[in-house]
1. Under a plain spin-label model, where a point goes 7 Å from the Cα along Cα-to-Cβ, how far apart in nm are ASP33 and ARG58?
2. Rounded to the nearest 10 Å², what accessible area does LEU78 show when all protein chains are kept and the probe is 1.4 Å?
3. Calculate the FRET efficiency for ASP153 and SER26 from the Cβ-Cβ distance with a Förster distance of 25 Å, rounded to the nearest 0.05.
4. In whole Hz, what ³J(HN,Hα) sequence does the range 116-122 give by Karplus (6.51, -1.76, 1.60; θ = phi - 60°), x for Gly and Pro?
5. Taking a ≥ b ≥ c as the square roots of the eigenvalues of the Cα gyration tensor of the range 77-180, is the shape rounded (a/c under 1.5), prolate (a/b larger than b/c) or oblate?
6. Can you tell me how much longer the chain between ARG126 and LEU44 gets when fully stretched, taken as 0.36 nm per residue apart minus their C-alpha distance, in nm with one decimal?
7. Under 14 Å from the Cβ of ALA56, count the other residues' Cβ atoms, weight Lys and Arg +1, Asp and Glu -1, and hand me the total.
8. In terms of modelled amide H atoms, which long-range or inter-chain residues lie less than 5 Å from the amide H of SER79?
Amino acid sequence: MARPNEQPTSDEAKDPQAGPSGSVDSLADAPEDVDAIVEAIVYLYTESRRITKGLAGRHGLTGPQLAVIKMLEPVGKLSLSELSWKIRARNSTVTGIIDRMAREGWVERKRSDADRRVVHIALTARGRRLASSIAIEPVTIFRQVLSELSESDARALRRILTRLARRVRALVAELPESGS
């Protein structure tokens, strides 16, 4: 997914109908459509949070801790900065999460051999066992539902969501710093 000031992906660049603002038509005159789309996005977000919170609680974790464990499971290790970016949190917030997880014995910090300033976060054996015991998560559900889409619908959805994410990022970047 493109970030602000980056080139669009090939899927983004393939929208020949999009004008300079990235949209073909405006939904300004169709508030019921806008409301229905916002409701669907809020539902997906809320349901994802509800499932994650329930799963995390059953395993003695918080939602962010579960997210960290499931993100580390397939890749082995991530730097603190990579992990912060992936869970969309500040390094200081992630440091606190990792501190608590390290005390529980789920993760460990390892200095990079290539750059001693970089700290990688990796699951411990206990953390790997925990990760493998959590069989279902919102991402699994979303992947299943998305895999049921036709190829053209999936490409269109990806293009639209990428455009929306890029625009939201731009608008959020314009907001005054919240101090959190």
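1. Modelled inter-label distance: 4.0 nm.
2. Roll a 1.4 Å probe over it and LEU78 shows about 10 Å².
3. Once rounded, the FRET efficiency stands at 0.65.
4. Residue by residue, the range 116-122 yields 4, 6, 8, 10, 9, 10, 9 Hz.
5. Working: a/c = 2.31, a/b = 1.33, b/c = 1.74.
Since a/c reaches 1.5 but b/c is at least a/b, the shape of the range 77-180 is classed as oblate.
6. Details: separation 82, 0.36 × 82 = 29.52 nm, distance 3.10 nm.
Contour length minus the Cα-Cα distance gives 26.4 nm.
7. Computed value for this residue: +4.
8. Sorted by chain and number, the residues that satisfy this are ILE121.
The values are calculated or read from the model by the stated rules, or taken from the named source; none is laboratory data. Bear in mind the structure is a predicted one, so any value in this text is a computation, not a measurement. FYI the Cβ positions are ideal-geometry reconstructions off the backbone, even for glycines, and counts take in every protein chain you see. What goes into the accessible areas is simple: the full protein's heavy atoms, side chains included, and nothing from ligands, DNA or RNA. Shrake-Rupley method; radii C 1.70, N 1.55, O 1.52, S 1.80 Å.
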